[in-house]
Amino acid sequence: MRNVLLILFFCSASLSAIGQAQKKTKPEVLFTVSKTPILSDEFIYLYRKNHQNKPEDFTEVKINEYLNLFINFKLKVAEARALGMDTTAKFSKEFKTYREDLKKPYRAEPDALERLTKEAYDHLTQEVRASHILINLKPDAFPSDTLNAYAKIDIIRKRIDAGEDFEKLARELSEDPSAKYNGGDLGYFTAMQMVYPFEEAAYKTDKGKISNIVRTRFGYHLLKVIDKKPARGEVEVAHILLRNETADDTQTKNKAFEIFDQLKAGRPWDELCKENSQDTNTKDTGGKLRAFGVGALASVPEFESTAFALVKPGDISDPFKSSIGWHIIRLDKKIPLPPYAEMAEALKRKVARDERLQISQQALATKRRKDFGFTEAAENKKFIFDLADSMLTKGKWTYKGETASLAKPIFKIQTKNVSVGDFVNHIKTNQAPSSIIPAAYINQLYNFFVDEVITEEEEAKLIKEKPEFKNLLTEYREGILFFEIMEKEIWNKASQDTSGQRAFYERNKTKYFGGNRVEARIFSTPDKNLITDFKKKIEKGDTIQNADIKKFKSVQGFRSYEKGESKIIDNVTWSSGLHETETDMTFHLVEVNRLVAPGIKSFEEARASIISDFQNQLEQNWIALLRKKYPVEVNQKVKKSVVTALVKK
């Protein structure tokens, strides 16, 4: 139901065309609901939007019908507002989501998710081999620790610039434990395998060059890009594994070469794999492994490099040793990187879960602050931050400072001063129990507050410059309220009020007259044999168990059907007993219980129609009450000009 309404009220349109059309008619008050004005441009906008490519709808009769529906819609929205539905946390959260989506076409920057997905794909087309030096630092480190860590990495950077060897410094000074053994060399990797700031720096730094200092959630890094080359995609391989049982692996090595010699002599791979491989997960399936790409087996680099070195499907490697044991690999398939169009949706889902989206949004928030001339009153900000205590993280904080301080500015956006008191009110409304320290939590609330204020300013600017955006905001806001009030006042009542439904049925029985009907149930499955077996069981009179019924793809219990109501029922003979039929590659067993003569349907038979009709009656009665509660006055002169403008469209 909600999706249907969103389509009804929020169907897509060429906003620029609609906006251009609206400018031709000067907005006037078309009607009022309890003295609240509804302007002509909003009605014209919605009518054109919801009747696109339907020239037959641009008549006076159709426009008047729509106006009556629009007035009813506004009455329901007025009632929703009167009940405070536009002030709930649920409404605010839902509207905020729509609001952010609506603003995207008007912002200069491209959609972050789309941009980052394309960037990730571009990175996937290339492999990078890099070394790094790490100075550890926690994400929530104190400023003093951050400065110390930065100073350490900066000194290392200067030593490299002065000509010292990167690998030597990595072994001596990097706080990545593996650097002592590999000199910081991470091997080849591609997109989505490293934390995003590290990945981004690696791809931006030229081969043979040293990156700028990079901060990730692990600390500060320096990267040296050793090599870059086109991506090799993925490989599918099978393997035979012989694990090292002792420190002396001579016996294992000899066994590996013995197996290799048998393979060269023509003995089947699958036989040797089953007899000898010690990978219990794959030995019985020919040693087949799932496809993997570069960097996926970084812990066993020898395996990865050997797999990618094989050229043609069927090629078998020489035996080689890794930290796990001795291996022999057979190449089954090379899988090149698919085109962007094939990967886009799956890659977009990965990017949406990755930290790169959050980092990008943080960068965007910083840019928006700059664009809107954001400046802080540092002293006043420190004053309120110093009042954060354990009560804040319990969600029970109250302001205990001087009243006069509430009027002081905490920050400024363009010419607008935002006071300490405004932030205090925000804290009161949004605080909740939190596990982080008070200082971090008040900073989190503050940043959220700043973004909210900038969002309001951004919207005010858009509304002033883009009238169609104002209409869209109104449309979505009122559409959400419409759904909420309809669910509360009509839909839930109509579907849940059984006694009301029965009373309605008794008053309108003759309306629910049915022709010849059949009472039946339907079992459906793509397995013809299941139908045959189940039919035999019923015919023998055996007890039908739940386990039998659960085998079917779907089961529709006994109910009555009229002609034309079900394609499946129409396909079988209307006589008591079991009948088989097939539709759309699905097999059905229809059990006809009895034929029903024409007559008034029972309450149970007609219940779906009763609920729908009962709902319509509830809505009509409710609208009559709303028209008394919120008087409507239509400006006939403006109405005439609106009809003229639309008919001429």
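The values are calculated or read from the model by the stated rules, or taken from the named source; none is laboratory data. Please read all numbers here as calculations on a predicted model, not as lab measurements. Counting neighbours? That spans all protein chains shown, and the Cβs are built from the backbone with ideal geometry, glycine included. Accessible surface areas use protein heavy atoms only, side chains included; no ligands, DNA or RNA. Shrake-Rupley method; radii C 1.70, N 1.55, O 1.52, S 1.80 Å.
For the chain, complete DSSP H runs whose alpha carbons reach 30 Å or more along their own long axis and whose mean Kyte-Doolittle score is 0.0 or higher are 60-82.
Taking amide H atoms as placed 1.01 Å from N in the peptide plane, the amide H of Leu186 lies under 5 Å from those of Ala130, Ser131, His132, each 5 or more residues away in sequence or on another chain. Here the accessible area is traced with a 1.4 Å probe on the protein chains. For the stretch 284-360, carbon and sulfur cover 57 percent of it.
Sorting 302-309, 198-205 by average packing, meaning the other beta carbons within 10 Å per residue, from highest down gives 198-205, 302-309. Note on Arg627/Glu28: beta-carbon distance plugged into 1/(1 + (r/R0)^6) with R0 of 22 Å gives a FRET efficiency of 0.45. Sorted on the mean count of surrounding Cβ atoms within 10 Å across their residues, most packed first, peptides 214-221, 269-276 read 214-221, 269-276.
Around the amide H of Ile335, modelled in the peptide plane, lie the amide H atoms of Glu234, Val235, Glu236, all under 5 Å away and 5 or more residues distant in sequence or on another chain. In this rough spin-label picture, where each label sits 7 Å from Cα along the Cβ direction, the Met343-Thr644 distance is 6.1 nm.
The relative contact order of the stretch 178-256 comes to 17 percent, based on Cα pairs under 8 Å that sit 6 or more residues apart.
Which of the pairs Lys209/Lys350; Lys96/Lys648; Lys461/Lys629; Lys253/Lys274; Lys96/Lys466; Lys274/Lys333 have their Cα atoms more than 26 Å apart in this structure? Distance filter (> 26 Å) returns Lys209/Lys350; Lys96/Lys648; Lys461/Lys629.
Subtracting the Cα-Cα distance from 0.36 nm times the residue separation, let me have the gained length for Thr125 to Phe448 in nm, one decimal.
Length difference between fully extended and current span is 112.6 nm.
So what's the gap between the Cα centers of the stretch 233-251 and the stretch 53-76, to the nearest angstrom? Going from one Cα centre to the other spans 74 Å. Just to confirm my numbers, what's the Cα centroid distance between the stretch 501-523 and the stretch 158-179 in Å? Between the Cα centres of the stretch 501-523 and the stretch 158-179 lies a distance of 83 Å. Close amide H partners of Thr583, meaning residues 5 or more places away or on another chain with modelled amide H under 5 Å apart, are His588.
Averaged over residues, the count of other Cβ atoms within 10 Å places the peptides 629-637, 138-146 in the sequence 629-637, 138-146, highest first. From the alpha carbon centroid of the stretch 572-649 to that of the stretch 409-465 is 48 Å. To put it simply, the accessible area of the stretch 591-637 at a 1.4 Å probe is 50 percent carbon and sulfur. Each label point was placed 7 Å from the Cα along the Cα-to-Cβ direction; for Ala407 and Ser92 their separation is 2.7 nm. Taking the Cβ-Cβ separation of Asp315 and Lys536 as r and a Förster radius of 45 Å, what is the calculated FRET efficiency to the nearest 0.05? My answer for the efficiency is 0.25. Treating r as the C-beta distance of Lys255 and Trp491 and R0 as 60 Å, the FRET efficiency rounds to 0.25. A crude spin-label estimate for the pair Met585 and Glu65, with each label 7 Å from Cα along the Cβ direction, gives 4.1 nm. Per residue, the accessible area of the stretch 395-518 comes to 51 Å² when a 1.4 Å probe rolls over the protein heavy atoms. Ordering His123, Asn417, Ala388 by Cα displacement along the dipole of the chain toward the positive end leaves Asn417 in first place; charges were set at the Cβ atoms of Lys, Arg (+1) and Asp, Glu (-1).
Apply the a/c threshold of 1.5 to the C-alpha gyration tensor of the stretch 55-192 and tell me whether it is rounded, prolate or oblate.
Prolate, since a/c reaches 1.5 and a/b exceeds b/c.
For the stretch 551-619, what is the relative contact order in percent, using Cα pairs closer than 8 Å and at least 6 residues apart in sequence? Computed over the stretch 551-619, the figure is 21 percent.
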